[in-house]
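Q: Structure provided below as structure tokens; questions to follow.
Throughout, read-outs are computed from the coordinates displayed, never taken from laboratory work. Here the structure is a predicted model, which is why all the values come from computation and not from measurement.
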Amino acid sequence: MAQTKVRKLTPRQREIYEFLKDKILNRGYGPTVREIGARFGIRSPNGVMCHLKALEKKGLIIRESHMSRAIQLVEWPPDRKWGVRFVGDLSASGVKASGRGEERLDFSDVGNDENLDCYRMKDNSLSDEHIVAGDFVLVRKADSYTSGTLVLVRKRGKRPTLARYFVEEGEIRLEYPGKKGTDTATKNDVLGELVGVIRRY
């Protein structure tokens with residue numbers, strides 16, 4: 001279906017579509033309007049937007065408003081394998097192969113979870129929790145949280161921060177990594193539970 005639509009594109013639209021597809025499949029997210037303009041020598045952002053609107057109208061991409069990189073492919077290439085190739089378990093003594101042929105771990109549920117938000121650490125205030133500047137932390141909103149886990153908290157008049165979450169005698173108690181003392185919170189103060197950390201080298 002996608003190939004039929006691609007054949008109906010103008011040469012420039014086809015070039016831009018292939019550029020978008022390459023970035024999304026190999027980098028993980030689409031290019032910005034500025035990147036597209038620089039790649040194809042289009043000086044005006046409006047010129048780039050005209051091409052993107054045409055691709056969207058022809059059913060090849062979806063764009064989310066107010067997000068500079070939010071370009072998605074309508075159809076995922078059928079020959080594209082999902083997930084990351086799993087080789088085996090790693091330790092100081094080496095790698096123990098999985099022994100199950102080619103196995104792929106599918107993390108697509110992370111990207112498709114509407115209750116999941118991502119934040120980038122700007123300092124090393126959470127180094128005691130092995131989270132450092134540049135790390136991306138994944139926070140999932142839920143109806144309840146497990147006592148002892150890290151949660152993102154935003155109390156009135158303060159910026160969001162990660163804290164250790166405890167429930168004692170029906171009350172929420174918070175412990176902030178690297179700081180002495182504790183604090184209390186309400187359920188509405190908790191934005192979500194830390195469920196993952198992504199670090200790029």
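Q: Using the Karplus curve 6.51 cos²θ - 1.76 cosθ + 1.60 with θ = phi - 60°, what ³J(HN,Hα) values do you get for each residue of segment 151-166, in whole Hz, with x for Gly and Pro?
A: Listing the rounded values in order: 10, 8, 10, 10, 8, 4, x, 10, 7, x, 8, 8, 8, 7, 9, 9 Hz.
Q: Greater than 28 Å separation of Cα atoms is the criterion. Which listed pairs, K96/K122; K23/K158; K21/K57, meet it?
A: Beyond 28 Å between Cα atoms: K96/K122; K23/K158.
Q: Oh, and also: Rounded if a/c is under 1.5, else prolate if a/b beats b/c, else oblate: with a ≥ b ≥ c from the C-alpha gyration tensor eigenvalues square-rooted, which is segment 2-73?
A: Numbers: a/c = 1.37, a/b = 1.15, b/c = 1.19.
Verdict is rounded for segment 2-73.
Q: Search the structure for amide H atoms under 5 Å from the amide H of N124, placed 1.01 Å from N in the peptide plane, and list their residues when 5 or more places away or on another chain.
A: Under 5 Å from the amide H of N124 lie the amide H atoms of A133, each far enough along the sequence or on another chain.
Q: Relative contact order, percent, of segment 2-73 when contacts are C-alpha pairs under 8 Å separated by at least 6 residues?
A: 32 percent
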